[in-house]
Every structure is written in structure tokens, then in C-alpha cells.
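Reviewing the structure listed below.
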Amino acid sequence: MSASSKPVAQTWFGPITAVQRRAMFALVPVAVAFGLVVGLAFLPLASGFGGLAKAGSESVLELPEDLALPPAPETSTLYAADGETVIATFGDQYRVELEYDQIPDSAKNALVATEDSNFYEHKGVDPEGIMRALVTNVSSGASSEGASTITMQYVRQVLSYTATSPDEVAAASEVSMERKIKEMGYALALEEEMSKEDIITNYLNTVYFGHGAYGLGAAAQVYYGKVPADLTVPESAMLIGLVQSPSAYDPIDGSSEAALTRRDHVINRMVTTGFLTKAEGAEAKDTDLGLNPQKANNDSGGAIDSDYGFFVDYFERWWEQQEDFGESEDERKARLYRGGYEIVSTLEVDLQDAAEDAVERQLKTGSEFALGTVVIEPGTGAIQVMAVNRNYSNDISDNGPNTTNAEYKGTYPNTTNPLLTGNSAYPGYPAGSSFKLFTMVAALEAGMPLSTSIYSPYQYTSKYVVGDGAASCGNYWCPKNASASAVGNYNMWTGYGESVNTYFVQLAERVGVANSIDVAMRLGIEFRNTKDLGLVTGEGANSFGPFALGVTQTTPMDMAAAYATLPADGRYCEPTPAISAVTNTGRTIEFPSFCEQALDPEVARAAVDASRCPTGDGAVKGTCTWGTAPQVGAAVDGPVGGKTGTTDSNSTNWFVGFTPNAAAASFIADPDNPTSHYVGSANLGKPANTVADVLAFQWDEYGEGEFTPPTDLVS
């Protein structure tokens, strides 16, 4: 029989299409699990729980003790690494607890009509809605229709609030059949413990409405400046419309058109379900949003109110990037500000205070130049210090004039710019010769030993085409050494110690700039500047010779983390500001270090040995001549390595150093004009002096151990 003459399967309603046939077969595997839970919706639960539990369904039907009564949002506290010193509080939980009779019928009806029209008929699970959603989703091949009842949504909120780990937070909202089945079981059990009125009340007291408002009582004040009892039908509809996504339908900072469309959808649902007549619905829709926005009555705390503002600001931004804590940055921040967490950070207060003192000794707060330092623990990525000669404040009324345009305020002494960590608007500062590390590591990875000798003239004409410019010789890049006396044969120990530009340009030619860039990326260097990113990616990367001498913009945070990889035997760890958190139910969340073996241990050990030359500490396997930062080795009573970095025209100056237990990066620059302003030769040694003091204190207080000398890649 030919394919065209095959009989077509029939049902009482007509032929089955290929899509419908696939949907029917796809539904078979979920029928058992679905039948177990949905079957409960039609059974007396008191008699059904025991037998089914014996059948192995405890994971579905067992109700957690804290599910029915979730903890109310509370202020979170951020402690230093000692677990005792409070460095910040977070609290935007504007919340007004409502009793059932304080919630207007318009809000209750809008919620039921929009989220769960069978709420008062089912027992926590709506079998009809679930089956409809299953058929629709399987047929379409996507999760286009949900089936969560109000009770199931409330369960999800509580599971999310009481999560004990990032994995549990993610599991509470993951799109999976397993999660949905568990929600169904909990919802069925919950409705045996709570009345419909209590579920509605708890739901509307718990859900987030955006703009710091938790619960309907707070939302009515924030959006309309009134108590819930005074809400009109369209106002209640607008607020209930926010439940699905406070950010997508935000009428204050977002799209009023989107908010209006969502509100009208809620009103239409109220008409369809009989809560409003058509005339009442039409009248409700024939109004504008009528907003009267008010600031949430909360104690925001956070970075502005902290003496450690730059660290706290970074912590907040780090938290907002942790995807396990919510689908959006807004949700993640809301969790921080409402969760009542007791968070232990990585900040070492005594080391932070010592770093602040060291910075102030070199350059006091109020200078137009920014001098700052970041300290990271090798092997964990723990951020122990973030210090800079600025006050973390958004009050710039008394700031000095901008050094680029005196008509505007500068960034001193007050700023909230992320000077130590960067972002797309503030991508950092050129790090100069401290980038030579990446070319040296690339050469070591290519099998070139530390003893690799190259004749290095005062000025060298490279193969890199750069066009016209100060460092151009016939359109080819021809950099010079810092001193005319720096001429002769150098190896990695001496070339790194004396920071010989022409040695490293030739080394980059041999190893390939793309490989140097690859090393930098593996060690966590981000390229936040669009121009830089274009130069270091793609086929043209190998032509970007100036990369070897640090012309791209970076941050102290990135550089400290990159250099921390060396004493950690090549193990790179992402910078992290938190160790653990305890929820307001007493459960502990551990924040793991995210580390990977970025370098072979022998490569890292060889790089460490060469890095001891710039500090005057002395290499174990080779001979140093002189170093560019001997004050560091003189100050630290232990093994120490590092590298200086100075850019053209002295626009910035850097030093990045490390002991076996800490890596510190320090810079000086003009944030108002970070690429061309002249900081002056008198300021050039200040980053190295700062790191010398910080690492000296760190070693005296916590230092121990030795660097492991390399056995390979020496000669």
C-alpha cells in the first residue's frame, strides 16, 4: 500500500493530525504522575493521604512545616568576615499586613478572575486547567500556557522565600514537570490546613508588586497613595496585573501603555468570569491609570549608609547577578532587601582599615586623582579589601570641578562610580606594563623557559601596523624602553624585573598576541570598553601588538584576581564578596568559590619566580638585576612578587603584588579624564607604596607559607 493510501486514524471528532498524534503519545509518560496528584483533587484527602504515602508519594504529599506560614520580609544584615561587625543593612520591605476583610472585593475578584477562575471550586489543583495546559503546551512544543492555581502560586512563593541554598531557589521556580507535580501535592495538602480566605490573604500580603511594595497594602500606597479599602475597580485591576511581572508592567518607570493593556486584560477577565457586568467593565476601562506614586516607606540602608560603601555596592551588584536568586535583577534585589538574611561577607575589617590608612598616607580623600586598592585571597577569590580615596556618596554638591570641563562637578571627594570594579560606563584604566604578565605566561605555555634570552634595543620596530603616531616608525609600532640605558640581552627574570618594553614586544611577536589575550581572559580580565573588545576578539587579535604593554582598560578587581592565580598554582577564582548567609528560619546558605585550573601549576610557579624580581625579593631559580618596585620587597617580611605598570604620558600608574596568601592591585588615575590626564611623576610610586603597606600588614597578621619554586620552564 502506498503512503498516500494509508488509512487516516479517526476519532469521534474527526481525523487525528500528526501534531495531535505526537501530543497524545507525549502525554502518556506524564499520565501516571498527573493522575496521582489530580486524582487526589477528587478524593477525600483525609483517607487518601495514608495509602498513597505508603505507595511512595511522600515527596509529593508531605507538607513542609514552614510552608503554611512564610516569614514576613525582614531587613537583611551584611557582616564582615568576622561574622560580628555589621557593615551594611538592606531593607526596602515596605509591607502593610492586611486582614481578609481589609482587602477590597475588587482586588480579590481581580486576582481570582485573572490567576485562577476556579479557585473557590477546586481543592488546590484545577484538573481541567492542567489538562488544557498540557494539551496546549505539548501540541505547540512550548510552555505557552500555565496551569498554576492561586494556591500553587502561593506554595511557590513560600518555597522560594524559605529556600536554603541557591539550588533550592532555582528549583522553586524551574520550568519542569517535577516541580509542577510537587507544587500540586503541596497545594492539595495546604488546602487541608488553610481556608480559601487565609490563602487569598496570605497571597496578597506576600506577593511583590514592584517599587519596594510587598503585599497589596503597600502597593496601594506606593502606586495610588491610598489604603486598599479606597481602591477603585480599575486601580485594583492595575495592581493585580502587576503580579505576573512587576517589571514588565511597571507603570511608573516602565511603559504606561503596557500597564494599561495589562489592566484592561484583568478587567476583561473580571467580565468573563461574572465579577463585573459588561457595562461595568467598559466603564472601568474608560479611565486612565490615575497614578499617584509615593516613595516606599522603607529603611533602604545599603551602600550609601555604609562606611564600606564601595564594597557594599559591589556586593549588591554581585547579588543581583546571581541567577539562582530570581529571574530578574529586580527580583534578586527584592530577595536581598526582604529576606531577613544574616550574611557573612569576605571583607576583612582590620585589613580594610589598614588599606584605607595606607591610601590616605599616599593621597588624601579630596584629591582629584583616585588612588585605590583591592585585595583578593588566592585560591578562594574572597574579596578582602576595597579601599579608595573617595567617599561613597551621591551627594556631589560640594565636589570639586571636573578636570575635563570645569562647568561640571568632578568625582571627588564624593562619588558612587565603581572606580575599583568598573562597568560599561566606567570600564577602568590602562594598566600599562602590569599586562606583561600575560605575554610572559603565554610564552611559558608555549614552552619557552624563563631563561629565554632576546637582545632588546632601546627602541624596537615591530611587525604591528599602527599608522601615524608618536610610537610609529613608517606606520609600524616602535615602542621604546623607559630608560635609554635599558639595552642588551634580557631574559624573563631580568626583562620582567626591569620592565623592558622591547623585550616583551619581541616575546609577543614570537608567541602571538592572541595567545596573550587568551591568557588574560582565562585569568578573568574583562574588556568592558567596546573599542577594546573589538581589538582583542576576532581575526585581528594577533595584530594588536600594543596589548602586550597594557593599553586596554581594566580594573583593580580584575587585576588582583588575575595575579592571585599565580600563588594559587594556576587556579583562577572568580572574585566573590560573600561566604554564607543564614535565612530568617535559621537555615544556612553557603556561597561556594567558583574556581578553575586556568594555568598549569608549573607555568604559574615559573611566573611567580620571575615576579619576585620587580619587588627586589629575588628569584629562587634565576638571577634578577634590579626591580622597579624594591620598596615592596623591603616592606613585606615574607615572599612577595608583583609588577609595576605605567602608561604613556603617565596617565595612570599601577602596581599589582602578591604573597602566598593575598593579592593586591593598586592604581592611580584621574577618573574625570582617565586616558590622557597627566598624574605627574610625583604620584607614580604611590600604588606600589600602598600595596607595600597593605601586604606588609597582611603578612604580619595572617601571612604564612612559601612560594613553590618551579622545576620546569627554568632553562
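Quick notes on this one:
- Restricting attention to region 178-196 and to residues that are acidic (Asp, Glu) and farther than 12 Å from residue 148 by Cα, the residue that is surrounded by the most Cβ atoms within 10 Å (Cβ to Cβ) turns out to be 191.
- When residues of region 283-322 are limited to those that are over 30 Å from residue 261 (Cβ atoms), of a type in the set (A, V, I, L, M) and touching a helix residue (DSSP H, G or I) at 6+ places or on another chain (Cβ under 7 Å), the one modelled with the highest pLDDT: 312
- Test for residue 616: is it modelled with pLDDT of 95 or more and touching a Ser or Thr at 6+ places or on another chain (Cβ under 8 Å): no
- Check on residue 538, on the phi > 0 side of the Ramachandran plot and surrounded by fewer than 22 Cβ atoms within 10 Å (Cβ to Cβ): yes
- All positions within region 354-371 that are in contact with a Pro (Cβ under 6 Å, 6 or more places away or on another chain) and either in the same structural domain as residue 695 (by TED's automatic domain parsing) or farther than 9 Å from residue 388 by Cα (or both): 366
For (1) assigned to a strand (DSSP E or B); (2) closer than 25 Å to residue 693 by Cα; (3) hydroxyl-bearing (Ser, Thr, Tyr), each residue gets a yes or a no:
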| position | (1), (2), (3) |
| --- | --- |
| 586 | no, no, no |
| 605 | no, yes, no |
| 618 | no, yes, no |
| 627 | no, yes, no |
| 633 | no, yes, no |
| 638 | no, yes, no |
| 644 | yes, yes, yes |
| 655 | yes, yes, no |
| 668 | yes, yes, no |
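- In region 526-565, the residues that are among the basic types (Lys, Arg) and in a helix (DSSP H, G or I): 531
- Selection count, region 181-236, where residues are modelled with pLDDT of 95 or more, acidic (Asp, Glu) and farther than 16 Å from residue 111 by Cα: 1
- Inside region 676-715, residues that are crowded, with 16+ Cβ neighbours inside 10 Å, of a type in the set (Ser, Thr, Tyr) and part of a loop (DSSP other than H, G, I, E, B) make up a count of 1.
- Tally of residues being in contact with an Asp or Glu (Cβ under 8 Å, 6 or more places away or on another chain) and among the acidic types (Asp, Glu) across region 93-127: 2
- In region 379-411, the residues that are in a loop (DSSP other than H, G, I, E, B) and touching a residue at least 60 places away in the same chain (Cβ under 8 Å): 379, 380, 381, 390, 393, 394, 402, 403, 404, 410, 411
- Test: residue in region 676-683 that is under 20 Å from residue 547 (Cβ atoms) and within 27 Å of the chain's Cα centre (by Cα): no
- Of all residues assigned to region 480-487, at least one qualifies as being under 27 Å from residue 451 (Cβ atoms) and in contact (Cβ under 8 Å) with a residue 60 or more places away in the chain.
- Subset of region 254-275 (residues that are in a loop (DSSP other than H, G, I, E, B) and in contact (Cβ under 8 Å) with a residue 40 or more places away in the chain): 273, 275
- Looking only at region 640-652, and only at residues there that are at pLDDT below 95 and under 16 Å from residue 481 (Cα atoms), the one that is surrounded by the fewest Cβ atoms within 10 Å (Cβ to Cβ): 649
- With respect to (1) assigned by TED's automatic domain parsing to the domain that holds residue 592; (2) of a type in the set (Gly, Ala, Ser); (3) under 22 Å from residue 535 (Cβ atoms), the lone exception for residue 488 is condition (3).
- Evaluation of residue 487 against (1) farther than 30 Å from residue 557 by Cβ; (2) β-branched (Val, Ile, Thr); (3) buried (at least 18 other Cβ atoms within 10 Å of the Cβ) (one fails), failing number: (3)
- Conditions (1) more than 22 Å from residue 653 (Cα to Cα); (2) of a type in the set (Lys, Arg); (3) within 20 Å of the chain's Cα centre (by Cα): number failed by residue 528: (1)
- Condition check for residue 619: aliphatic (A, V, I, L, M) and surrounded by fewer than 19 Cβ atoms within 10 Å (Cβ to Cβ): no
- Within region 219-259, the only residue that satisfies the criterion of being over 14 Å from residue 289 (Cα atoms), surrounded by 21 or more Cβ atoms within 10 Å (Cβ to Cβ) and out of contact with any strand residue (DSSP E or B) (no Cβ under 9 Å at 6 or more places or on another chain) is 228.
- Every residue from region 259-298 that is within 28 Å of the chain's Cα centre (by Cα) and not polar (S, T, N, Q): 295, 296
- The sole residue among 412, 455 that is at pLDDT 95 or above, more than 26 Å from residue 306 (Cα to Cα) and among the aromatic types (Phe, Trp, Tyr) is 455.
- Test result for residue 664, at negative phi, among the hydrophobic types (A, V, I, L, M, F, W, C) and free of Cβ contacts under 8 Å to residues at least 24 places away in the same chain: no
- Any hit, region 112-130, residues being at pLDDT below 85, among the hydrophobic types (A, V, I, L, M, F, W, C) and part of a helix (DSSP H, G or I): yes
The values are calculated or read from the model by the stated rules, or taken from the named source; none is laboratory data. Please read all numbers here as calculations on a predicted model, not as lab measurements. Backbone-built Cβ (ideal geometry, glycine too); neighbour counts: all protein chains shown.
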